[in-house]
1. Yes or no: the range 155-164 includes at least one residue that is more than 29 Å from residue 219 (Cα to Cα) and part of a helix (DSSP H, G or I).
2. Taking residue 211 as meeting all but one of (1) crowded, with 17+ Cβ neighbours inside 10 Å; (2) more than 26 Å from residue 12 (Cβ to Cβ), write down the number of the exception.
3. So which residues in the range 116-134 are surrounded by fewer than 20 Cβ atoms within 10 Å (Cβ to Cβ) and out of contact with any strand residue (DSSP E or B) (no Cβ under 6 Å at 6 or more places or on another chain)?
4. Test residue 205 against the criterion of being free of Cβ contacts under 8 Å to residues at least 24 places away in the same chain, at negative phi and surrounded by fewer than 19 Cβ atoms within 10 Å (Cβ to Cβ), and give yes or no.
5. Out of the residues in the range 6-46 that are over 15 Å from the mean Cα position of the chain (by Cα) and not in a helix (DSSP H, G or I), which is farthest from residue 110 (Cα to Cα)?
6. Could you please find all residues in the range 162-188 being within 25 Å of residue 225 (Cα to Cα) and exposed (fewer than 12 other Cβ atoms within 10 Å of the Cβ)?
7. Sort out which residues of the range 80-118 are free of Cβ contacts under 8 Å to residues at least 24 places away in the same chain and farther than 26 Å from residue 139 by Cβ, and write them in order of number.
8. For the range 138-149, how many residues are over 19 Å from residue 58 (Cβ atoms) and surrounded by 13 or more Cβ atoms within 10 Å (Cβ to Cβ)?
């Protein structure tokens with residue numbers, strides 16, 4: 001993907017969360033079933049890094065002694081985060097290569113829910129996964145989720161023509177989509193639809209091995225694809 005196209009897609013999503021962050025957060029206050037299951041994968045870990053944490057809802061499912069650090073680029077979403085003991089938040093742009101330097105430590109567990117599908121281009125996705133790999137302690141666990149939406153009729157109806165964003169269809173990658181939002185106004189979002197083989201290959205290139213996969217969430221029970229990863233030594 002050309003750099004100028006990727007930057008335009010990133011601006012589309014940044015504008016969306018700036019304009020609709022409050023409405024978006026209000027629709028996602030409770031933990032999804034897949035996130036509840038992810039709590040089992042990180043059980044026993046003394047600290048969790050939540051990359052793309054949004055309003056920090058995952059912190060509410062962790063036992064009180066667990067140290068939680070949430071990272072997100074949206075001040076609107078972070079502004080709605082509930083302040084909890086043992087929890088802290090950092091406003092960082094994950095597309096800035098230097099964001100990892102602000103984290104300053106490695107973690108036994110990392111979660112990254114519904115983030116990777118908003119990252120345009122395989123090169124940027126791989127860079128983010130390698131950064132997560134570098135932030136894991138030896139033997140640590142990482143849980144990722146990506147959105148699965150093209151098989152859901154209600155969500156397929158939200159798919160828009162790329163011309164609405166001033167982008168030609170041939171400029172984006174296969175399985176890239178533009179979707180509309182109609183709550184509290186009208187907006188657009190960019191998302192990539194992953195297949196499991198595509199996601200598995202990307203994780204392997206970043207130095208992870210998949211320990212578990214599952215699908216969960218939404219009215220259909222399969223709108224989130226989750227992978228539980230371990231770093232290959």
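The values are calculated or read from the model by the stated rules, or taken from the named source; none is laboratory data. The shown structure was predicted, so the numbers you read here are calculated from the model rather than taken from an experiment. Neighbour counts run over all protein chains shown; Cβ positions are idealised from the backbone, glycine included.
1. yes
2. Answer for residue 211: the failing condition is (1).
3. Within the range 116-134, 121, 122, 123, 124, 126, 127, 130, 131, 134 meet the criteria.
4. Answer is no for this residue.
5. 27
6. 174, 182, 183 - these are the residues of the range 162-188 that are within 25 Å of residue 225 (Cα to Cα) and exposed (fewer than 12 other Cβ atoms within 10 Å of the Cβ).
7. Across the range 80-118, the qualifying residues are 83, 85, 91, 93, 96, 98.
8. Within the range 138-149, residues that are over 19 Å from residue 58 (Cβ atoms) and surrounded by 13 or more Cβ atoms within 10 Å (Cβ to Cβ) number 2.
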